[in-house]
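Below: one structure, written as structure tokens.
The values are calculated or read from the model by the stated rules, or taken from the named source; none is laboratory data. Everything numeric here is computed off the predicted structure, so don't read it as measured data. All Cβ positions, glycine included, derive from the backbone under ideal geometry; neighbour counts span all protein chains shown. When the accessible area is computed, the model is the full protein with side chains, heavy atoms only, and any ligands, DNA or RNA have been set aside. Shrake-Rupley method; radii C 1.70, N 1.55, O 1.52, S 1.80 Å.
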Amino acid sequence: MTKFFPVSQPSIGEKELAYVSDAVKSGWVSSIGRYIELFETMFAKFCGTEYALAVSNGTTGLHLALVSAGISRGDEVIIPDLTFIATANAVTYTGATVVPVDIDANTLCLDMSSVERAITARTRAIIPVHLYGHPAQMDRLMAMAKERGIVILEDAAEAHGAEFKGRRVGSFGDFGIFSFYGNKVITSGEGGMLTTSNRELYLQAKLLRDHAMSAEKRYWHTQVGFNYRITNLQAALAVAQMERIDEFLAKRRQIMDWYRNRLGHLPGLRLNYEEPGTRNVYWMICLEVTGMTETDRAAFMGRLREAGVDTRPYFYPVSDMPMYARAVTPVAHDVSVRGINLPCYTDLSESDVDQICRLTQVALAEMAVV
Ligand SMILES: Cc1ncc(COP(=O)(O)O)c(C=O)c1O
């Protein structure tokens with residue numbers, strides 16, 4: 001039987017089983033328990049921030065960060081047009097207007113001149129997305145934000161441990177937001193994290209995470225909050241994953257090297273970029289084929305699937321979705337129909353990557369694309 005390679009797969013070992021089992025046995029199965037605080041402490045240290053606040057997932061994390069920063073109806077929030085829909089939807093939940101702008105063709109993150117052109121008197125926040133593990137250009141963005149009093153929320157859902165000029169993502173903006181969905185660098189099943197070094201923002205987000213219940217008077221609420229809490233069971237899984245995150249990150253670099261050695265030199269193919277001075281965590285292997293149409297891509301992905309290799313298409317531009325306003329974003333539109341994600345997960349061996357690359361080359365040759 002031929003081996004099947006999923007795009008992504010969590011690495012769950014003995015440690016994960018032991019910690020989750022410990023949490024279950026403790027009886028603290030909901031959102032109180034020692035693993036939650038432990039997870040938050042470990043994550044803040046990992047990112048180099050004063051605080052970290054665990055939440056139910058990355059989407060609720062984005063919403064909580066926006067609301068805590070005071071974003072509401074009438075405000076405009078700039079986001080990259082190429083991202084997972086959660087970035088845009090979280091803005092919409094607040095009543096603010098989503099302003100999608102174009103991306104840089106190399107990093108696939110916000111294009112700074114497009115951001116500058118999109119700023120208006122109503123721009124209250126910008127959400128740089130560290131897409132597929134590559135950090136956005138945080139120095140220019142932070143300088144611009146400071147000058148104009150704009151809030152920066154880093155969507156680092158796909159970039160745990162990525163670095164810009166030696167500093168980890170999630171530590172630049174007013175908030176960083178992470179996801180621990182099963183396909184992420186580390187997982188808690190479902191889960192998310194806010195990072196910040198601003199005490200006021202941290203306290204506001206913490207309050208709103210739990211229905212804004214008064215610390216002094218139980219069941220007394222002065223704001224409309226949410227239940228965006230994580231459970232102790234999820235946090236137990238995450239703590240075990242945090243203890244292995246360096247191993248996961250090193251393995252991802254190794255896997256990227258294996259792919260580069262086999263596909264990197266082929267004409268017409270482009271793999272993940274790593275801007276000098278940054279550290280990409282290669283959440284997904286990104287393959288772009290020059291001149292490929294969306295129909296070609298569907299056929300190519302179909303051939304790979306038949307051969308036992310699962311793939312994903314790049315995200316579609318947010319501005320193409322019926323609920324959002326159209327935007328002129330040629331780079332996002334170009335790569336979106338050509339880009340493909342290939343398998344990347346801890347348990348892949350060099351011979352697995354070898355096989356995936358051979359099957360990729362065969363599928364491309366059959367289609368006479370490269
Ligand atoms: C860029 C981006 N933002 C936000 C999210 C939302 O995270 P979650 O799925 O945990 O809600 C995701 C991921 O899944 C994502 O990829």
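The table for this structure:
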| item | result |
| --- | --- |
| Point-to-point label distance, E216-R260, nm (Cα→Cβ direction, 7 Å offset) | 5.7 nm |
| I85 versus E14: modelled label distance in nm, points set 7 Å from Cα along the beta carbon direction | 4.3 nm |
| Ranked order, H221, H134, H333 - accessible area, probe 1.4 Å, largest first | H221, H333, H134 |
| Amide hydrogen neighbours beyond the local backbone of S31, cut-off 5 Å, H modeled | N232 |
| Computed [θ] at 222 nm, deg cm²/dmol, the chain (DSSP H ≥ 4; -39,500 (n - 2.57); rounded to nearest 500) | -12000 deg cm²/dmol |
| Given 14 as the ceiling on other Cβ atoms within 10 Å, longest exposed-site-free region of the chain for GluC sites (Glu not before Pro) in DSSP loops | 51-215 |
| Virtual spin-label span in nm between T120 and D334, 7 Å along Cα→Cβ | 2.8 nm |
| Highest-MSF residue in the chain out of I103, I79, I245 [GNM, Cα springs under 10 Å] | I245 |
| Centre separation in Å (Cα based) which lies between the stretch 197-231 and the stretch 158-175 | 25 Å |
| log₁₀ of I(q)/I(0) at q = 0.17, 0.19, 0.24 Å⁻¹ - the stretch 13-92, Debye sum with one point per alpha carbon | -0.87, -0.97, -1.15 |
| At R0 = 30 Å, FRET efficiency that the Cβ-Cβ distance of K206 and S26 yields, to 0.05 | 0.85 |
| Whole-percent pair-distance distribution, where bins are 10 Å wide, for the alpha carbons of the chain | 5, 24, 32, 25, 12, 2, 0 |
| Inter-part distance where the stretch 243-306 and the stretch 15-64 are each reduced to a Cα centre, Å | 30 Å |
| Debye, to nearest 20: dipole size of the stretch 77-223, +1 on Lys, Arg Cβ, -1 on Asp, Glu Cβ | 500 debye |
| Distribution of pairwise C-alpha distances over the stretch 312-367, 10 Å bins, in % | 19, 34, 25, 19, 3 |
| Size of charge dipole - the chain - debye, nearest 20, with Cβ of Lys, Arg +1 and Asp, Glu -1, no other charges | 520 debye |
